[in-house]
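The structure appears right after this line, and notes come after that.
Just so you know, all these numbers are worked out from the coordinates, no wet-lab data involved. Nothing here was measured: the structure is a model prediction, and the numbers come from that model. All Cβ positions, glycine included, derive from the backbone under ideal geometry; neighbour counts span all protein chains shown.
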């Protein structure tokens, strides 16, 4: 989620700056063209303002083509949506609601973890398929976005045993592990 947030923020800043430059250049084109029309007395000033209008118009056309080529606004919106989707999935898993709800009858105790694995895999696949390939390459360094469907092993909860061998019961979804260790323990494929 951090990478998608960072990439979305970068594209947001890029698109906002590009838009601001387009506005400034459009304003300059207008000012220069009006000023050149009002310079009836001096031919040199008229020529300078006409050339300034031409240069600003060409720069504006270049910025519009860059905007069309790189589509920073589209990438920003897509990446932001995927980041929000991932945050939502993580919070639903933490709160054990929706597809991560714990089965009261204990028939399938590993279902929330299996659903999280499947959900993260599907999220990752959607991001790689739908986001412009250059959008994430800049932030992840990966250029190959081909994904294959993986078979997930079913997840079973483990009994917790302390250092003396005393049975402490079944894993109750609380963890004293740090972030990456927790994800490796719970999800495993990341």
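Roughly what would the spin-label model give for residue 21 and residue 50, points 7 Å off Cα along C-beta, in nm? Simple spin-label model gives 2.8 nm for this pair. The calculated FRET efficiency for residue 103 paired with residue 164, based on their beta-carbon distance and R0 = 25 Å, is about 0.20.
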